[in-house]
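Here is the structure we will look at.
The values are calculated or read from the model by the stated rules, or taken from the named source; none is laboratory data. Since this is a predicted model, take the numbers as computed values, not measurements. Glycine also receives a Cβ, built like all others from the backbone with ideal geometry; neighbour counts cover every protein chain displayed.
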Amino acid sequence: MKPLKGIHHVTAITSSAEKNYEFFTYVLGMRLVKKTVNQDDIQTYHLFFADDEGNAGTDMTFFDFPNIPKGVHGTNEIAKTSLRVPSDDALTYWVKRFDRLEVKHTGIKEQFGKQTLSFVDFDDQQYQLISDENNHGVAAGKPWQKGPVPLEYAITGLGPIFVRTSHFDYFKELMEKVLLFTEIDQDGDFHLFEVGEGGNGAQVVVEYNTVLPQARQGYGTVHHSAFRVEDRSMLEAWQQHMESFRFQTSGYVERHFFGSLYVNVAPQILFEFATDGPGFMGDESYETLGEKLSLPPFLEPKREEIEKMVRPIDTVRSTKEFTKE
């Protein structure tokens, strides 16, 4: 088995696709690279925010399921998502930006030798910025060139995901024996695991927690997290590998933008394995990524029906000029 290549994407749930678009575009300065629908629930938007080119390992994506209740944070959940920035100085910039834009944050803190800045959005979705100052390993993406954040401070991709569990011994065995990660550091109840080339783009932080109540999924929480594999043949190898440990898998799922395999590895913890390609530019140009409602070929015949179900969201940015501040 070739090791996983790192984090591919994180998919979370939002109460409002419109507010989510505004927050990621105008506050975080990440680029909307695809506006589509949940392929299994076509009345639900699926928005993909990523780096300038929509590279694998840089995208945070969101569902807006109609009428879903607010989630409850607790133990046994994918608890927090990290976003990479180039340097420690970038975090100082983000503190000032968050203060100005009234984004709740914790201030700069250090964990596992890295400077971090935790914050939340309007749904109490949990995030942190993490500095690549002394990072080695999986390369970062390319900041959104035309976005509102100066390029030297802009977000460049995904960092470590945080998993909170009340069954640490099981999860450690899962990470090491099944997913082929290595535990490289510990800070109290937080354990740092790494895979492949390592670094911020290929790490998972597992928190052992038996104090908090059981988490409940809803808006403001993470739906699943995905890991990178090279291509379909490697995805099928991982399917066989997971099934050899008696995990039930989804089998290969064609997502058009990438191929996927889903596995429930623990209660409320859904992991996906996803191919690096083909990516987001098959049906849109670089200049206008994310501006139209994009549908995979099998949903294209239902376009008229889908467009009546999902309310229109104006995501045109190619005609606008952002002031970097």
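Please specify each residue of segment 35-63 satisfying the condition of being buried (at least 24 other Cβ atoms within 10 Å of the Cβ) and charged (D, E, K, R).
Across segment 35-63, the qualifying residues are Asp51, Asp59.
Against the conditions (1) within 30 Å of Arg216 (Cα to Cα); (2) not in a loop (DSSP other than H, G, I, E, B); (3) not aliphatic (A, V, I, L, M), where does Phe65 fall short? Just the number, please.
Every listed condition holds for Phe65 apart from (2).
Looking for whichever is assigned to a helix (DSSP H, G or I) and among the basic types (Lys, Arg) here; the options are Lys324, Lys302. Which one fits?
Working: Lys324 fails: assigned to a helix (DSSP H, G or I).
Residue meeting the stated conditions: Lys302.
I'd like to verify a number: residues in segment 243-254 that are out of contact with any helix residue (DSSP H, G or I) (no Cβ under 7 Å at 6 or more places or on another chain) and surrounded by 14 or more Cβ atoms within 10 Å (Cβ to Cβ), how many?
Residues in segment 243-254 being out of contact with any helix residue (DSSP H, G or I) (no Cβ under 7 Å at 6 or more places or on another chain) and surrounded by 14 or more Cβ atoms within 10 Å (Cβ to Cβ): 3 in total.
Return yes or no: is Val229 modelled with pLDDT of 95 or more, aliphatic (A, V, I, L, M) and surrounded by fewer than 21 Cβ atoms within 10 Å (Cβ to Cβ)?
So Val229 fails the test.
A quick yes/no check of all residues on (1) crowded, with 21+ Cβ neighbours inside 10 Å; (2) in contact (Cβ under 8 Å) with a residue 60 or more places away in the chain:
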site	(1), (2)
Phe24	yes, no
Val27	no, yes
Ser82	yes, yes
Pro86	no, yes
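Could you check, for segment 191-201, whether at least one of its residues is loosely packed, with under 15 Cβ neighbours inside 10 Å and in a strand (DSSP E or B)?
Step one: filter segment 191-201 for residues loosely packed, with under 15 Cβ neighbours inside 10 Å, giving 197.
Next, from what is left, pick out any that are in a strand (DSSP E or B): none.
No, every residue in segment 191-201 fails to be loosely packed, with under 15 Cβ neighbours inside 10 Å and in a strand (DSSP E or B).
Since Glu243 meets every condition but one in (1) in a helix (DSSP H, G or I); (2) within 21 Å of the chain's Cα centre (by Cα), which condition does it not meet?
(2)
Would you confirm whether or not segment 256-264 contains a residue that is surrounded by 13 or more Cβ atoms within 10 Å (Cβ to Cβ), in contact with a His (Cβ under 9 Å, 6 or more places away or on another chain) and in contact (Cβ under 8 Å) with a residue 40 or more places away in the chain?
Yes, some residue in segment 256-264 is surrounded by 13 or more Cβ atoms within 10 Å (Cβ to Cβ), in contact with a His (Cβ under 9 Å, 6 or more places away or on another chain) and in contact (Cβ under 8 Å) with a residue 40 or more places away in the chain.
I'd like the residue in segment 40-87 that is in contact with a helix residue (DSSP H, G or I) (Cβ under 6 Å, 6 or more places away or on another chain) and of a type in the set (D, E, K, R) and, out of all such residues, is farthest from Arg255 (Cα to Cα).
Within segment 40-87, the match that is farthest from Arg255 (Cα to Cα) is Arg84.
Would you pick out the residues in segment 265-295 that are surrounded by fewer than 17 Cβ atoms within 10 Å (Cβ to Cβ) and part of a loop (DSSP other than H, G, I, E, B)?
Pro267, Gly279, Met281, Gly282, Asp283, Ser285, Lys292, listed by residue number.
What is the number of the single condition among (1) buried (at least 16 other Cβ atoms within 10 Å of the Cβ); (2) within 16 Å of Ala12 (Cα to Cα) that Asp124 does not meet?
Condition (1) is where Asp124 drops out.
List the pairs whose first member sits in segment 241-252 and is without any contact (Cβ under 8 Å) to a residue 24 or more places away in the chain, whose second member is among the hydroxyl-bearing types (Ser, Thr, Tyr) and surrounded by 14 or more Cβ atoms within 10 Å (Cβ to Cβ), and whose Cβ atoms are under 7 Å apart, counting only residues at least 6 apart or on separate chains?
Glu243/Thr249; Thr249/Tyr262; Ser250/Tyr262
Taking Glu272 and the conditions (1) farther than 30 Å from Thr165 by Cβ; (2) touching a Ser or Thr at 6+ places or on another chain (Cβ under 6 Å), which numbered condition does it fall short on, given that it satisfies the others?
(1)
Give me the residue from segment 202-222 that is assigned to a strand (DSSP E or B) and either of a type in the set (D, E, K, R) or over 16 Å from the mean Cα position of the chain (by Cα) (or both) and, out of that set, surrounded by the most Cβ atoms within 10 Å (Cβ to Cβ).
Going residue by residue through segment 202-222, those that are assigned to a strand (DSSP E or B) are 203-208, 214, 216, 219, 222.
Pick out the ones that are also either of a type in the set (D, E, K, R) or over 16 Å from the mean Cα position of the chain (by Cα) (or both) and you get 206-208, 214, 216.
Numbers: Val206: 25, Glu207: 19, Tyr208: 17, Gln214: 12, Arg216: 15.
Among them, the one singled out is Val206.
Take segment 73-98 and flag every residue that is among the acidic types (Asp, Glu) and farther than 26 Å from Asn134 by Cα.
Step one: filter segment 73-98 for residues among the acidic types (Asp, Glu), giving 77, 88-89.
Glu77, the sole residue that qualifies.
Do the conditions hold for Lys114, that is, is it more than 23 Å from Ala274 (Cα to Cα), surrounded by 21 or more Cβ atoms within 10 Å (Cβ to Cβ) and among the basic types (Lys, Arg)?
Values: more than 23 Å from Ala274 (Cα to Cα): yes; surrounded by 21 or more Cβ atoms within 10 Å (Cβ to Cβ): yes; among the basic types (Lys, Arg): yes.
So Lys114 fits the description; yes.
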